[in-house]
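Written out below as structure tokens is the structure these notes cover.
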Amino acid sequence: MFTGNFREASAQSQEIQDISADTFEEFLYFLYAGDLRNEDFPVQELLAVADRYQVTDLLRLCESKMLRNINTDNAESIYRIVNS
């Protein structure tokens with residue numbers, strides 16, 4: 001995407017519209033620090049970002065955190081996220 005003949009290779013900036021600023025900050029923090037900055041951060045959207053950019057360590061961390069916090073109120077939504 002950032003190399004070759006894609007327009008992203010020559011652009012000064014990239015706009016990512018479908019990720020909240022808070023989630024992207026947490027994602028960048030993980031890339032540099034290897035851990036979450038905020039342990040209470042809701043990981044559902046972060047899981048999707050980790051999957052999109054193929055950051056396996058973050059993906060596993062999010063899945064593990066979601067499964068540790070599973071209960072009757074969120075079981076169905078977690079199942080759908082993990083199996084999508």
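The values are calculated or read from the model by the stated rules, or taken from the named source; none is laboratory data. Since the model is a prediction, treat every value here as computed from it, not as a measurement. So basically every Cβ, Gly included, is an ideal-geometry build from the backbone, and we count neighbours across all protein chains shown.
The residues of the stretch 14-26 that are more than 23 Å from N74 (Cα to Cα) and in a helix (DSSP H, G or I), listed by number, are A21, F24, E25. Among the residues in the stretch 48-60, are any surrounded by 10 or more Cβ atoms within 10 Å (Cβ to Cβ), at pLDDT 90 or above, among the aromatic types (F, W, Y) and not in a helix (DSSP H, G or I)? Yes, some residue in the stretch 48-60 is surrounded by 10 or more Cβ atoms within 10 Å (Cβ to Cβ), at pLDDT 90 or above, among the aromatic types (F, W, Y) and not in a helix (DSSP H, G or I).
Residue under question is D35, and the condition is that it be farther than 20 Å from I81 by Cα and not in a helix (DSSP H, G or I); does it hold? Against the criterion (farther than 20 Å from I81 by Cα and not in a helix (DSSP H, G or I)), D35 qualifies.
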